[in-house]
Amino acid sequence: MSNNNIYADFGISDKVFAFGEKIVEALRCRFDSIDKVSEITFAKVIRAMQKNRLNTACLMTSTGYGYNDIGRDTLEKVYADIFHTESALVRPQITCGTHALALALSANLLPGDELISAVGAPYDTLEEVIGIRPSVGSLAEYGVTYKMVDLTDDGRADLNALKKAVGKKTKLVTIQRSKGYATRPTLSVAEIGEIIRTVKEIRSDIICMVDNCYGELVEELEPSDVGADMVVGSLIKNLGGGLAPVGGYICGRNDLIERCAFRLSAPGLGKEVGPNLGTMPSFFEGLFLAPTVVASALKGAVFAANCYEKMGFKAVPGAAQERHDIIQAIELGSKEAMEAFCEGIQSAAPVDSYVTPVPWAMPGYDSEVIMAAGAFVQGSSIELSADGPIREPYAVYFQGGLTWNHAKLGILMSIQKMLDRGLCNPEI
Ligand SMILES: *Cc1c(COP(=O)(O)O)cnc(C)c1O
């Protein structure tokens, strides 16, 4: 087997190549079930495009105010169909996931309202949005108060504590599907449904919002199928399929999305304005590819977990565990190992393969962050990438891979870089 090491030219040793082949062989069944889910989600995506009569005119560019933009309006109907929601806001004017989340929150929370995070600390960049870390323009500055419900000791949602936390002023409960930069388990859609049921039993008018980043199309159902009033995410993650150059989405109840549209543009203007600026081909085609791309990323994540667990590192989720997002955390235990891992991912990239990632202070993040990304779209994390804050437990968060081949190459390179520095031992 090591005789046909097709990656020898990349500096991958026969030992690492053979190790990878052995792991892949054992994963055939897992890969089959990943493909099965993507077949189902693909059917959902293409059916939504057909039902909404996607046509050539929808792929044209609009500029200026963007009045009567049939492409933009059709895209939003397609998203609403996929998520089974009344409405959707999907725009290139929403820059990223944080922007989409800030928009959904600030549009639907008024002075005196209370926001609750149901599953522990939210994603790092939301700390300034909420005002947990004081920031200009935060929700706190506008008089929105905030409470967080801690997770249980095993990292699950604490439903009893949540029941106690909800009060008269509680207006919106935010639920983060993916673990983000934490090492808690990612929530399944079923678990999200349970949290929502708990909230709605107390008061049905409390808005349940799900930060859906990295979770899209991983399961047959989405959080909006189990009662979420709004689901929010980034187009340079799962749903952009690697082709969207920018963008964010919010899908949900009509009244809530209307408020988001008024906040994004201006009261009175709402969804009517917002040119597509030529993004329609990439938004539609990216969405069309997204089920397959997500499957590739999932295979990469499962492969990484199995390789690293075999070498004695802690993988979250574990090698044999079911997936609810495309993120694979691996606790490497040191800054040096994080650097070696990221170097490996970087050296497998199509773009910027020759650069060395170094830790730096990124806007919105509390500690230094290291990132490996040689992406066609800047910062795209549906493309093969790895990152992590330089702090205990020195975990890298590995994600993406537009193709399984690329994900595999990246992981083999990461193992090789670690091995070169004596930081791992790939023995079968
Ligand atoms: C990526 C991510 C965000 C923020 O998205 P950006 O596009 O980086 O601003 C928010 N929440 C979660 C869980 C994420 O993974």
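May I ask for the net charge around HIS84, where only other residues with Cβ less than 13 Å from the Cβ of HIS84 are counted and Lys, Arg are +1 while Asp, Glu are -1?
Working: positive: LYS44, ARG47, LYS51, LYS77, ARG253; negative: ASP81, GLU86, GLU220, GLU222, ASP225, ASP229.
Summing Lys/Arg as +1 and Asp/Glu as -1 gives -1.
Cα-Cα pairs above 14 Å in the stretch 71-123: how many percent?
Working: 911 of 1378 pairs.
Within the stretch 71-123, distances greater than 14 Å cover 66 percent of Cα pairs.
Quick check: net charge around PRO267, other residues with Cβ under 15 Å of its Cβ, Lys/Arg +1 and Asp/Glu -1? All intermediate terms of the calculation are to be shown ahead of the outcome.
Numbers: positive: ARG259, ARG263, LYS271; negative: ASP255, GLU258, GLU272.
Once positives and negatives cancel, what remains is 0.
Would you please put 346-354, 396-404 in order of how densely packed they are, using the mean number of other Cβ atoms within 10 angstrom per residue and starting with the highest?
Working: 346-354: 16.9, 396-404: 25.7.
Most protected by this proxy first, the peptides run 396-404, 346-354.
Any idea what % of Cα-Cα pairs in the stretch 238-317 are farther than 14 Å?
On the way: 2300 of 3160 pairs.
Percent of Cα pairs beyond 14 Å in the stretch 238-317: 73.
Please go through the stretch 121-203 and write out the trypsin sites (Lys or Arg not before Pro) that DSSP classes as loop and that have at most 10 other C-beta atoms within 10 Å.
Passing sites in the stretch 121-203 are LYS168.
Which of the three applies to the stretch 351-424, rounded, prolate or oblate, going by the alpha-carbon gyration tensor with a ≥ b ≥ c and a/c under 1.5 meaning rounded? Provide the component values of the computation, followed by the final result.
Numbers: a/c = 1.77, a/b = 1.12, b/c = 1.57.
In terms of gyration-tensor shape, oblate.
Just the projected area, averaged over all directions, of the convex hull on the alpha carbon atoms of the chain: how many nm²?
On the way: hull surface 80.1 nm².
That works out to 20.0 nm², a quarter of the Cα hull's surface.
What is the local net charge at TYR65, summed over the other residues whose Cβ is closer than 15 Å to its Cβ (Lys, Arg +1; Asp, Glu -1)? Don't jump to the answer; show the numbers that get you there.
Working: positive: ARG72, ARG91, LYS271; negative: ASP69, ASP73, GLU272.
With Lys, Arg at +1 and Asp, Glu at -1, the net is 0.
What does the C-alpha gyration tensor say about the overall shape of the stretch 205-362? Classify as rounded when a/c is under 1.5, otherwise prolate if a/b is larger than b/c, or oblate. Each step should come with its number before you reach the end.
Values: a/c = 2.19, a/b = 1.66, b/c = 1.32.
Since a/c reaches 1.5 and a/b is larger than b/c, the shape of the stretch 205-362 is classed as prolate.
Could you check what % of the DSSP bridge pairs in the chain are antiparallel, to the nearest 5?
Taking every DSSP beta bridge within the chain, about 60 percent pair in antiparallel fashion.
Of ASN212, CYS251, GLY318, which is farthest on the positive side of the dipole of the stretch 197-331, counting Cα position, with +1 on Lys and Arg Cβ, -1 on Asp and Glu Cβ, and the Cα centre as origin?
GLY318
How many times 2.2 N^0.38 Å is the alpha carbon radius of gyration of the stretch 164-266?
Details: Rg = 14.3 Å, N = 103, 2.2 N^0.38 = 12.8 Å.
So the Cα radius of gyration is 1.11 times the expected 2.2 N^0.38 Å.
With +1 on each Lys and Arg Cβ and -1 on each Asp and Glu Cβ, how big is the dipole of the chain about its Cα centre, in debye rounded to the nearest 20? It would help to have the intermediate numbers written out before the result.
Values: 40 positive and 52 negative charges, 124 e Å.
Rounded to the nearest 20 debye, it is 600 debye.
Rounded to the nearest 500, what is the 222 nm mean residue ellipticity of the chain from helices alone, with -39500 (n - 2.57) per DSSP H run of 4+ residues and division by all residues?
Working: 11 runs with 160 residues, N = 428.
The helix-only estimate for the chain comes to -12000 deg cm²/dmol at 222 nm.
Distance between the C-alpha centers of the stretch 215-234 and the stretch 335-371? Whole Å please.
30
Within the stretch 161-281, how many Lys pairs sit with Cα atoms under 25 Å apart, leaving out pairs fewer than 8 places apart on the same chain?
Eligible lysine pairs with Cα atoms under 25 Å apart amount to 13.
Decide, for the stretch 278-397, between rounded, prolate and oblate: order the square roots of the alpha carbon gyration tensor eigenvalues as a ≥ b ≥ c, take rounded if a/c falls under 1.5, and otherwise choose prolate if a/b is larger than b/c, else oblate.
Details: a/c = 1.88, a/b = 1.24, b/c = 1.52.
Taking the square roots of the gyration eigenvalues as a ≥ b ≥ c, the stretch 278-397 is oblate.
Compute the whole-percent fraction of alpha carbon pairs in the stretch 188-247 spaced more than 17 Å apart. Before the final figure, lay out each step's value.
On the way: 734 of 1770 pairs.
Of the Cα pairs, 41 percent sit more than 17 Å apart.
No value in this document is a laboratory result; all are computed from the given coordinates. Predicted, not measured: the structure shown is a model, and the values here were computed from it. Methodologically, a virtual Cβ is constructed for each residue, glycine included, from the backbone with ideal geometry; neighbour enumeration extends over all protein chains shown.
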